[in-house]
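Accompanying notes for the structure given below.
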């Protein structure tokens, strides 16, 4: 039944911009402040007050537009979008309608090493509404207007997405981009990044879009995927049973894994848009766009290509590194001190990532400077220490003493590999004499016992013996004992 249909999805992603003040007022935007402590007469829409544009939000929107290959709208107007909610104190929202600042862009997503283009219809600027809470008081709803007037960009895709997994990948790519551009912190739990999913189904091969429903306020990659998958199946079951999908706004119940109706839309809302009379149109020049373009950092797709094509990393390693901007920034800094890209990636995706997970920390709080990790890599490359000792003893010591160099700490802890032949030969002789019965078995053909001898010598040397030299010397002594 389900195989006959395809799902058609468009996403509207709302990203709260990283400005210190609101889009049309000087109020602060700090998350977690006391309720209604970050409001002003302008935010509250008192008569006689005039909004004024925070120019930073224009620059941030242009950054996102350029990163998503959009055409930048040079002449920008704001409009009043009229509707009433208790947490929208003015009774209208200031937004862009006829002149969205970024238009006709696209974003590439990577699925099983295959690239797919998701077109972006437009990106527009608007102010956020406040927040209503309905479960804190048995009698009353509570309203916090701190968020009212916080600047947003809304990124509206074309209906090019065909599955919950694709939607999740697209949302993740948006999150990665806004973090790299530093226009939004991408914190989904705090609501800095959230999306609405427009979902419809149609028979495979059909060209007309089916009736859509809108799932509101999804702020988790996993929940986005699950909500879309559930909603698509719900619509298919409804159609197959002879029912009809109606235009609805729905929400996702994460505990039950289901969507449920919030309100029905018999027709599209008439928001009675008209140009905001109190806001002067914004004119963007070619020179301003060029300056912002020149300031853009290296973006995920560029880094992925450089890591795989120039540095020879696997796509897997590259994807882990670029998934978090702070991780890729540290990697780039590390590569200024070493030429061993594979080892650098292994340290970041291995011991360092394990430490971050264990400590529930982030790369910004990782204490060891890149040059000290490069020092560990150099010691291993020069065969002065092996990876096991480096990761299990030297690395923990440097975490406690990040100002020490790797070489000095290894020397202090007596971790450097012993390559003196006489010292190793003494250890080998002691081990082989102790395991004389195993030596006889080796001479009778059980060559796999070389691993046992190696392990015992490494244990006796406390891991400081050079494995390659140790194996060579063991083999030589075994051959001499055979004679």
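Points worth noting:
- Average Cα contact separation per residue, the chain, under 8 Å, 6 or more apart, as relative contact order %: 13 percent
- Against the chain, whose longest principal axis comes from its Cα atoms, helix 325-334 is set at around 40 degrees.
- DSSP bridge orientation in the range 205-345 - percent antiparallel, rounded to nearest 5: 75 percent
- Cα-based Rg and Dmax for the range 183-321, where Dmax is the largest Cα-Cα distance (Å): 21.5, 59
- Within the range 1-19, backbone nitrogen closer than 17 Å to the virtual label 7 Å beyond the Cα of residue 131 toward Cβ: 14-19
- Our estimate of slack between residue 241 and residue 263, defined as 0.36 nm per intervening residue step minus the Cα-Cα distance, is 5.7 nm.
- Rounded to the nearest 500, the helix-only mean residue ellipticity at 222 nm of the chain stands at -11000 deg cm²/dmol, with each DSSP H run of n ≥ 4 adding -39,500 (n - 2.57).
- FRET E, pair residue 408, residue 430, Förster distance 30 Å, beta-carbon r, rounded to 0.05: 0.45
- Both radii are taken from the alpha-carbon atoms of the range 2-287; with Rh as the Kirkwood radius, Rg/Rh is 0.97.
- P(r) histogram, all alpha-carbon pairs of the chain included - 10 Å bins from 0, percent: 4, 15, 20, 20, 15, 10, 8, 6, 2, 0, 0
- Under 15 Å from a label point set 7 Å out along the Cα-to-Cβ vector of residue 288, the amide N atoms of the range 57-77 belong to 57-66, 72-77.
- Whole-Å distance, taken between Cα centres, linking the range 323-345 and the range 110-133: 29 Å
- Short-range pairs are left out: with C-alpha atoms under 8 Å and at least six residues apart, the relative contact order of the range 298-412 is 21 percent.
- In the range 2-287, the DSSP beta bridges split such that about 95 percent are antiparallel, to the nearest 5.
- Residue order, fewest to most beta carbons within 10 Å, for 339, 192, 251: 339, 251, 192
- Where a label projected 7 Å from the Cα of residue 306 along Cα→Cβ would reach, residues of the range 328-357 with amide N under 12 Å: 328-336
- Averaging 1/r over every pair of different alpha carbons in the range 421-482 and inverting the result gives a Kirkwood radius of 11.3 Å.
- Between 0 and 90°, nearest 10: helix 286-295 axis offset from the chain longest Cα axis: 30 degrees
- Virtual spin-label span in nm between residue 190 and residue 353, 7 Å along Cα→Cβ: 2.5 nm
- Kirkwood hydrodynamic radius (C-alpha pairs) into Stokes-Einstein, the range 1-127, 4 °C and 1.567 mPa s, D in µm²/s: 76 µm²/s
- Length-normalised contact order for the range 2-287 - Cα pairs under 8 Å, 6+ apart - percent: 24 percent
- Degrees between helix 164-181 axis and first principal axis of the chain (Cα, 0 to 90, nearest 10): 80 degrees
- Antiparallel bridges, percent of DSSP beta bridges restricted to the chain (to nearest 5): 95 percent
- At full extension, residue 468 and residue 222 could sit 83.8 nm farther apart than now, given 0.36 nm per residue minus the alpha carbon distance.
Read the figures in this text as sums done on the coordinates, not as results from a lab. Because the structure is predicted, anything quoted here is derived from the model rather than measured. In this analysis, Cβ positions are derived from the backbone assuming ideal geometry, glycine residues included, and neighbour counts consider all displayed protein chains.
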